[in-house]
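Q: What follows is a single structure, and I will ask about it in a moment.
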Amino acid sequence: MKILVALMLLFVIAQFFSPKKNQSGLYAIDQFFVETEAPTEVKKILSQACFDCHSDQTTYPWYNSVTPVNYWLNSHVNGGKSHFDVSKWSTYSIKRKAHKLEELVEQVEQDKMPLASYKWTHKGANLSSDQIEALVDWAQTEIFAYGLVKSNLFISTDED
Ligand code: HEC
């Protein structure tokens, strides 16, 4: 009984602690969309299924107000951003951009992204085969475009 009370107390105290929210606005995402010429459909899919963990703008579920769930969600956001962060897109080299889009194709085609645990809680993140095709088509066009920029067939103002 004492242990139970102690655990409950600990839980109550824990509620005073929470990680900083990952919400720095939509500007960088818009820049990413413009640069990669994302069609409306692609914008919608990425925003619904990916950007909670791959941008600086996370939409949090209500249970993010519960510690320690928020720390667990935060670790996914940080893990996702460390591999692929569209809010940092402007800091990536052209080579890295193309490589990230190649990884995106791989992850989506192999059904590794979005994370399974995310799909259980976000209906809109269960991608249909049409949505996967739209993502892959767009990414491949952009990989090709970055390849052209890199081989200097296009004159680019993008210097790295
Ligand atoms: C719930 C958080 C979450 C969501 C939603 C999510 N990802 Fe991820 N993503 C991660 C994490 C965490 C990693 C790091 C690798 C790992 O743990 O598997 C990652 C890694 C990646 C990588 C890099 C893989 C590599 O080889 O470095 C790509 C690309 C990616 N995700 C694309 C996507 C796309 C596209 C979507 C949407 C269709 C998406 N992710 C949705 C969390 C997420």
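Q: Any idea how many residues of the range 15-53 are free of Cβ contacts under 8 Å to residues at least 24 places away in the same chain and in contact with a Leu (Cβ under 9 Å, 6 or more places away or on another chain)?
A: Total meeting the criteria: 1.
Q: Considering each residue of the range 135-145, count those that are more than 11 Å from the ligand (Cβ to nearest atom) and small (G, A, S), and give that number.
A: The qualifying residues number 1.
Q: Still on this model: Just to verify a result, which residue in the range 42-90, among those that are of a type outside the set (S, T, N, Q) and in contact with a Ser or Thr (Cβ under 7 Å, 6 or more places away or on another chain), is farthest from E142 (Cα to Cα)?
A: P61
Q: When you scan the range 30-125 for helices (runs of 4 or more DSSP H) that lie fully inside it, which ones turn up with 1 or more residues that are within 10 Å of the ligand (Cβ to nearest atom), of a type in the set (A, V, I, L, M, F, W, C) and more than 30 Å from I13 (Cβ to Cβ)?
A: Hits in the range 30-125: 40-49, 51-54, 94-109, 116-121.
Only the coordinates and a few stated rules stand behind these numbers; no lab work does. Nothing here was measured: the structure is a model prediction, and the numbers come from that model. As a convention, Cβ positions derive from the backbone with ideal geometry for all residues, glycine included, and neighbour counts pool all protein chains shown.
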